[in-house]
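Asks: A single structure is presented below for examination.
The values are calculated or read from the model by the stated rules, or taken from the named source; none is laboratory data. Everything quoted here is computed from the prediction, not taken from an experiment. Cβ coordinates were reconstructed from backbone atoms using ideal geometry, including for glycine residues, and neighbour counts include every protein chain displayed. Heads up: the accessible areas ignore ligands, DNA and RNA and are worked out on the full protein's heavy atoms, side chains in. Shrake-Rupley method; radii C 1.70, N 1.55, O 1.52, S 1.80 Å.
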Amino acid sequence: MTSGNELRLFRADLHIHTCLSPCGDWDMTPRAVVDYSAEKRLDIIAVTDHNTVENAGAAMERGRQKGLCVLPGMEICSVEEAHLIALFDGLETALAMQAFVYQHLKGENQPDVFGYQVVANVDDEVLDQNPRLLIGAVAVELNTLVRKIHDLGGLAVAAHIDKQAFSIPSQLGFIPPDLPLDAVEVSYRVRPEEAGTALLMGRPLTCITSSDAHFPGEIGRVSTKFFINNPSIQEIRLAFQGRAGRQIVYSTKRTAG
């Protein structure tokens, strides 16, 4: 841990799913996600299940045991069916965002069709199955979601903008100039420094890369290195903005997948 104004590199994977996401592998329990992340020598991860944070608390507890910073978050599907990563410092604010999302999320999950949605504790014990249609779209527009995230002190990152489905460019055809994003994310298929005009469409947005892991072997397949003082939302925000010496260094390590 750093002290004072000392800056150092933190290796982060800010888009990881657990077994709570209907498309997530059953082996991706909160405990296992943290343990795999520690094995990959990550310093910061974000647990970002679809439209929920119910496994984030257990992952954060395991992170404290392993000395790994776990940020609570979620991958929200807007009414436009575009995916947005919401990141928070504390579980309380993440749960407040979840409450807002749940108010506007309709439908009931069909496990045989969409997959099981397992809530687990830090000891790998199954606590419940979430009955909501987490794979569905929230009946809220992107602009409103971003502003709600910001009202709660969080960061809003456009997910996998290089993908041909469920990204802001794929759904809208462009990144709206009035959408107050903090950053955008590309998948492991694209280097952030190569996103260029075709993806960012002229907007001066910081671009990161994350694994979007649904299976253990995918965790840390790409990462973003933050040159910051400590693993917090405020420090990451400063790095996104390139302020106070904080900045981003992109990982060159890539694996097939």
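Asks: Packing-wise, with mean Cβ within 10 Å as the measure, how do 157-164, 85-92, 126-133 rank, highest first? Present the calculation step by step, with values, prior to reporting the outcome.
Replies: Details: 157-164: 22.0, 85-92: 20.4, 126-133: 14.2.
Per-residue Cβ counts within 10 Å, averaged per peptide and sorted highest first, yield 157-164, 85-92, 126-133.
Asks: So what J values fall out for the range 55-64 if you push phi through Karplus, 6.51 cos²θ - 1.76 cosθ + 1.60 with θ = phi - 60°, rounded to Hz, Gly and Pro as x?
Replies: 9, 5, x, 5, 5, 5, 4, 5, x, 5
Asks: For Asp151 and Asp128 in the same chain, what is the full-extension length gain: residue separation times 0.36 nm, less their Cα-Cα distance, in nm?
Replies: On the way: separation 23, 0.36 × 23 = 8.28 nm, distance 3.01 nm.
Full extension of this stretch gives 5.3 nm more.
Asks: Carbon-plus-sulfur fraction of the accessible area of the chain, 1.4 Å probe, in percent? All intermediate terms of the calculation are to be shown ahead of the outcome.
Replies: Values: 5270 of 10760 Å².
Result for the chain: 49 percent of the exposed heavy-atom area is carbon or sulfur.
Asks: For Cα pairs less than 8 Å apart in space and 6+ apart in sequence, what is the mean separation divided by the residue count of the chain, i.e. the relative contact order in percent? The partial results should precede the final answer.
Replies: Working: 606 pairs, mean separation 57.3, N = 257.
About 22 percent, as a whole number.
Asks: Per q in 0.16 Å⁻¹, report the Debye log10 I(q)/I(0) for the range 1-117, using one uniform scatterer on each alpha carbon and no solvent.
Replies: -0.75
Asks: Heavy atoms only, 1.4 Å probe, whole protein assembly: order Val113, Val190, Val79 by accessible area, highest first.
Replies: So, going from the largest accessible area down, we get Val113, Val79, Val190.
Asks: Report the residue, chosen from Pro72, Pro111, Pro30, that carries the largest GNM mean-square fluctuation when the chain is represented by alpha-carbon nodes joined by springs under 10 Å.
Replies: Pro111
Asks: Could you give me D for the range 80-135, from Stokes-Einstein at 20 °C and 1.002 mPa s, where the hydrodynamic radius is the Kirkwood radius over C-alpha pairs? Units µm² s⁻¹, please.
Replies: Here the translational diffusion coefficient equals 162 µm²/s.
Asks: Apply the Karplus curve 6.51 cos²θ - 1.76 cosθ + 1.60, θ = phi - 60°, to the phi angles in the range 221-238 and return the couplings in whole Hz, x for Gly and Pro.
Replies: Those phi angles translate into 5, 9, 7, 10, 9, 9, 9, 9, 7, 7, x, 9, 4, 4, 5, 5, 4, 4 Hz.
Asks: Quick one: divide the alpha-carbon radius of gyration of the range 61-194 by 2.2 N^0.38 Å and tell me what you get.
Replies: Ratio of Cα Rg to 2.2 N^0.38 Å: 1.12.
Asks: For the chain, what is the Kirkwood hydrodynamic radius in Å, using each pair of distinct C-alpha atoms?
Replies: 18.0
Asks: Taking H placed 1.01 Å from N in the peptide plane, check which residues at least 5 places from Gln247 or on another chain put their amide H under 5 Å from its amide H.
Replies: Here Phe227 satisfy the definition.
Asks: Say we join alpha carbon atoms closer than 10 Å with springs in a Gaussian network model of the chain; which of Leu71, Leu42, Leu238 then has the biggest fluctuation?
Replies: Leu238
Asks: Could I ask something else about it? Roughly what would the spin-label model give for Lys106 and Val249, points 7 Å off Cα along C-beta, in nm?
Replies: Reported label-point gap for Lys106 and Val249 is 5.0 nm.
Asks: Where both partners of a DSSP beta bridge lie in the chain, what percent of those bridges are antiparallel, to the nearest 5?
Replies: Details: 23 of 39 bridges.
Approximately 60 percent, going by the DSSP bridge assignments.
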